[in-house]
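Below is one structure; the comments refer to it alone.
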Amino acid sequence: MEKPVDAALFFNVIFHVPGDARQQLLQKLRTQYLNPDGILIIIENGSPASSGYIRLMHRLGYAQDNWYGDIEKEVVACGFRVDSVHHIVSTRDLSEPSEGVLKYVALLFDNAISLDEIRAAIAEIYGDPDPQVKHIVRKMGIFSKSSP
């Protein structure tokens, strides 16, 4: 990067950066990549454990509960301050998943789970009549650099 920027946006991606590399990235954002008044915006999953998507991830063997919460702690530990957090609530109905959705979920698990296993897990979870199953919450955190 030739010049620092005013803002950096990470939309559902920073959680997938391995821990050590994520720490290095956050440090570089704070010390090199962002202008002194620059902001960091992170949007990640913040759904409760009762949401269908989190239940699906658990059912398939992914134990993480609150991706946004974990990331926020890391960002603050790297010297940023939380300026605001916004909840983005929507629905995700996977009750009739397309082949593309099944392949995407398989990719999240390095294709170690068959499409039939994924389809069965989705049918079990999204067959639940509770409307909360289909709610998904994204959290958007806006961070600025803490004063040294």
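The values are calculated or read from the model by the stated rules, or taken from the named source; none is laboratory data. Values in this document were obtained by computation on a predicted structure and should not be read as measured data. Here Cβ is always computed from backbone atoms with ideal geometry, including for glycine, and neighbour counts include all displayed protein chains.
Per-structure values
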| quantity | calculated |
| --- | --- |
| Residue match in segment 52-68 (condition: of a type outside the set (D, E, K, R) and over 24 Å from GLY19 (Cα atoms)) | yes |
| Residue match in segment 28-37 (condition: among the β-branched types (Val, Ile, Thr) and under 16 Å from the mean Cα position of the chain (by Cα)) | no |
| Condition check for VAL137: buried (at least 16 other Cβ atoms within 10 Å of the Cβ), more than 17 Å from HIS16 (Cβ to Cβ) and not small (Gly, Ala, Ser) | yes |
| Residue match in segment 91-105 (condition: at pLDDT below 90, assigned to a strand (DSSP E or B) and exposed (fewer than 13 other Cβ atoms within 10 Å of the Cβ)) | yes |
| Count of residues meeting criterion [in contact (Cβ under 8 Å) with a residue 24 or more places away in the chain, within 17 Å of the chain's Cα centre (by Cα) and more than 30 Å from GLY38 (Cα to Cα)] in segment 75-128 | 5 |
| Residue among LYS134, LYS145 that is in contact with a Phe, Trp or Tyr (Cβ under 8 Å, 6 or more places away or on another chain) and under 15 Å from SER50 (Cβ atoms) | LYS134 |
| Qualifying residue in segment 109-125 (condition: surrounded by 12 or more Cβ atoms within 10 Å (Cβ to Cβ), assigned to a helix (DSSP H, G or I) and modelled with pLDDT under 90) | no |
| Search result, residues across segment 1-12 that are surrounded by 12 or more Cβ atoms within 10 Å (Cβ to Cβ), more than 16 Å from the chain's Cα centre (by Cα) and outside any strand (DSSP E or B) | PRO4 |
